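Inspection log for the structure reproduced underneath, given as structure tokens.
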Amino acid sequence: MAIKVSKYMTRQVVSVSVDLGIREAFFIMKENSIRHLPVVDKNKKLIGIISDRELRRPNWVDEAHDISHVYYLDNSMHIRDVMIENVHVLHTYDTLSKAVDLLLEQGIGAAPVLDKTEELAGMLSAIDLLKALANMIKEEKAKKKKKK
């Protein structure tokens with residue numbers, strides 16, 4: 001039986017808008033003990049994602065001609081300046097196997113989960129997948145005990 005992403009995804013998703021300052025985003029992540037923030041528009045449609053990685057070292061640092069200025073985590077930059085727009089997503093009906101493949105192939109730690117109407121329904125992280133694995137191992141051990 002294929003297990004669906006919806007069984008293990010985090011449903012209480014904290015999301016942000018493009019106008020939020022990156023310092024504020026940092027504190028939202030810290031306060032909620034999360035490392036990924038989906039970025040949504042006014043209609044709550046997914047338009048990007050930001051991770052703690054983008055806050056620590058934005059892509060533009062490598063592309064800047066003059067890096068004599070120091071990059072500070074302040075609100076002079078906004079989510080729109082550092083977010084990833086080409087978001088790899090999962091759907092509630094996808095299998096955990098597909099989720100594992102996506103995270104491994106793309107080298108990402110989490111993916112937003114969309115429902116059938118393409119609305120943000122949750123997030124699935126590597127930690128969620130580890131919880132699923134732990135649960136499966138426990139179930140296997142229980143089955144083996146019953147057989148004895």
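Report, to the nearest 10°, how far helix 22-32 tilts away from the longest principal axis of the Cα atoms in the chain, using its own Cα long axis and a range of 0 to 90°.
Rounded to the nearest ten degrees, it is 30.
Would you mind checking 7/143; 98/148; 4/147; 42/131; 7/141; 44/98 for any pair whose Cα atoms are more than 29 angstrom apart?
On the way: 7/143 21 Å; 98/148 34 Å; 4/147 27 Å; 42/131 33 Å; 7/141 20 Å; 44/98 25 Å.
Flagged as over cut-off: 98/148; 42/131.
Compute the FRET efficiency between residue 140 and residue 105 as 1/(1 + (r/R0)^6), taking r as their Cβ-Cβ distance and R0 = 25 Å, and round to the nearest 0.05.
Approximately 0.40, to the nearest 0.05.
Using only Cα atoms, what Kirkwood radius does segment 5-147 have, in angstroms?
The Cα-based Kirkwood calculation yields 16.5 Å.
If we sort 108-115, 24-31 on the protection proxy, mean other Cβ atoms within 10 Å, highest first, what's the order? Working shown, then result.
Details: 108-115: 21.1, 24-31: 15.4.
So the order, starting with the most tightly packed, is 108-115, 24-31.
Need one number: nm distance between label points at residue 31 and residue 84, each 7 Å from Cα along Cα→Cβ, rounded to one decimal.
The two pseudo-label positions are separated by 2.5 nm.
Every number here is computed from the coordinates shown, using simple stated rules; none is lab data. None of the values given here were measured: they were computed from a predicted structure. Positions of Cβ are generated from backbone atoms using ideal geometry, with glycine treated the same way; all protein chains shown enter the neighbour counts.
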